[in-house]
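Structure, as structure tokens:
Read-outs: derived from the displayed coordinates by stated rules, not from any lab. None of these values were measured; they are calculated from a predicted model. Positions of Cβ are generated from backbone atoms using ideal geometry, with glycine treated the same way; all protein chains shown enter the neighbour counts.
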Amino acid sequence: MTDDAAPTPPSERIVGLDALRGFALLGILVINIRLFSMPEAVLLNPTVYGDFSGANYWAWFAGYVFAERKFLTLFTMLFGASVLLFTRKFDDQLTTLRLHYRRSLWLVVFGLAHAYLLWYGDILVSYGVTALFVVFARDESAKFLATVGAVLFVVPSLLELLTATSGDVSSFVPAWRPAESALQAEVATYRGGWLAQMDHRAASAWSRQTTSYLAATGWRTAGAMFVGMSLFKTGVLTNERSARFYRLLVAVGGVVGVATMVAGAAYVESSGWSPTAGLYWQQFIYFGAFPMAGAYIGAVMLLSRRRPGGRVTHGLAAIGRTAFSNYILQSVLATTIFYGHGLGLFGRVSRVEALGVVAAIWAFQIAVSVAWLRRYRYGPLEWLWRTLTYGERQPIRRTDR
């Protein structure tokens, strides 16, 4: 039997899944930092605010090619896999659904608090709401899940392409190229105190949780979750496939993903960043996300298989095991750095400097997560979520030390 065909020990499968989750969470911050540090519109059109030349352009370009939508898609797929992981623990269907619904609804509660008290870009509400529905497909085949997931993910893109081909993009223009007064008002808001920020934070969070969820986010979230459930069932996310499979995933996913993103950038830049081109350009981002996410899955699984006890794998796995706590911690740290109730650096930091903040937050989170897990079984929010789900206090201290 060759090394490629040999089964992976269970311990490595757990490490691989945790490391992948940690890798995804850290990567999400590369894009989220743009929203933490600049007006919301820069996520859609990066030319509307801040220096967009020289090193700052290349900082944006690197994030665009290697991070935008990739880590969020990967993290969403992993959440879909977690639905299967959680529900397979129980034999009784009634118990399974009851606990799953409690788990999902508590996640919505956490997400609402996060969105309205800290940061409007929350993903937990959409995860919790979508999980209420995707659970009913948990017993379907991997092929069914992948097919339905792909269809759901494509629906919003088809609607956006219809808008672009119609030629009437007037409704898209204000989001694509907001007035300078609106941008400056947002800057002033987030340089102000916590209460002053509420008008923008609440309005943006509400829009994301209602109209945006129904029009696009809900479809894409469900689609990525279904794909994640499929990849879990086929052993891709649990490091059960051959090394050759993962190497192929890295090569093909990386080439297709990078080529798609580079082509998208060339297209929108050649148009002078026009609104119509912007609608088409968004599709390059969405369709480049899955192949690149696949490449990342392959790379992390190979790393976890070859060096399951290495420092990098250990650090990523620690972040993955405390992903909920670290997701909220990223918001706490970033809003403290950029918002007016903290250091007030909103709108004052370049794209290159923002990536420096990302690296500092990564270093802090990895160190804290590794240290925390030496004493405790779960992250603090993981423990609270687990306690609320099961309705009784869960043990948190490790007993194997």
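How much length is gained if the chain between ARG377 and THR336 is pulled fully straight, taking 0.36 nm per residue apart and subtracting their Cα-Cα distance, in nm to one decimal?
12.0 nm
Does anyone have the angle between helix 218-233 and the longest principal axis of the chain? Alpha-carbon axes, 0 to 90°, nearest 10?
Approximately 30 degrees, to the nearest 10.
I'd like the orientation of helix 180-190 relative to the chain: the angle between its Cα long axis and the longest Cα principal axis, in ° from 0 to 90, rounded to 10.
Once rounded, the angle reads 50 degrees.
Can you tell me the Rg and Dmax of region 112-265, counting just the alpha carbons, in angstroms?
That works out to 19.6, 55 Å for Rg and Dmax.
Pick from TYR378, TYR390, TYR116: which is most flexible by mean-square fluctuation in a GNM of the chain where alpha carbon atoms under 10 Å apart are linked?
TYR390
Out of all Cα-Cα pairs in region 16-154, roughly what percent, to the nearest whole number, are more than 24 Å apart?
Of all Cα-Cα pairs in region 16-154, 43 percent lie more than 24 Å apart.
Modelled label-to-label distance, LEU94 and LEU112, 7 Å Cα→beta-carbon offset: nm?
Each label point is offset 7 Å from its Cα along the Cβ direction, giving 2.8 nm.
Could you give the length gained by full extension between VAL370 and ASP199, i.e. 0.36 nm per residue of separation minus their alpha carbon distance, to one decimal place?
57.8 nm
With r defined as the distance between the Cβ atoms of ARG247 and TRP58 and R0 fixed at 25 Å, what FRET efficiency is calculated, to the nearest 0.05?
0.30
Between LEU105 and SER170, what length in nm is gained on full extension when 0.36 nm per residue of separation is reduced by their alpha carbon distance?
19.7 nm
Can you give the angle from 0 to 90° between the axis of helix 198-209 and the longest principal axis of the chain, with both taken from C-alpha atoms, to the nearest 10?
60
Taking neighbour Cβ counts within 10 Å as the exposure measure, how do SER369, SER270 sort from fewest upward?
Arranged by neighbour count, lowest to highest, SER369, SER270 become SER270, SER369.
Kirkwood Rh, Cα Rg: Rg to Rh for region 24-70?
0.94
Give me VAL83, VAL312 ranked fewest to most by other Cβ atoms within 10 Å of their Cβ, as a rough exposure proxy.
Fewest-to-most ranking of VAL83, VAL312: VAL312, VAL83.
What is the sum of charges, Lys and Arg at +1 and Asp and Glu at -1, for the other residues whose Cβ falls under 15 Å from the Cβ of THR130?
It works out to a net charge of +3.
Expressed as a whole percent, how much of the Cα-Cα distance distribution for the chain exceeds 39 Å?
Distances greater than 39 Å cover 15 percent of the Cα pairs.
Sequence gap at least 6, Cα distance under 8 Å: using those rules, report the relative contact order of region 10-370 to the nearest whole percent.
35
At q = 0.24, 0.26, 0.30 Å⁻¹, what is the base-10 log of I(q)/I(0) for region 76-132 according to the Debye formula with one equal point scatterer per Cα and no solvent? Please give it to two decimals.
-0.91, -1.00, -1.16
Give me the compactness ratio for region 236-364, meaning the Cα radius of gyration over 2.2 N^0.38 Å.
Expressed relative to 2.2 N^0.38 Å, the Cα Rg reads 1.34.
With 10 angstrom as the radius, rank VAL255, VAL148 by how many other C-beta atoms surround their C-beta, starting from the fewest.
Going from sparsest to densest Cβ surroundings: VAL255, VAL148.
Using only the Cα atoms of region 334-401, each taken as one equal point scatterer with no solvent, compute I(q) by the Debye sum, divide by I(0), and report log10 of the ratio at q = 0.12, 0.13, 0.22, 0.27 Å⁻¹.
The computed values of log10 I(q)/I(0) come out as -0.53, -0.59, -0.90, -1.09.
Under a point spin-label approximation (7 Å from Cα along Cα-to-Cβ), what is the THR163-SER350 distance to one decimal in nm?
For the pair THR163/SER350, the computed spacing is 3.4 nm.
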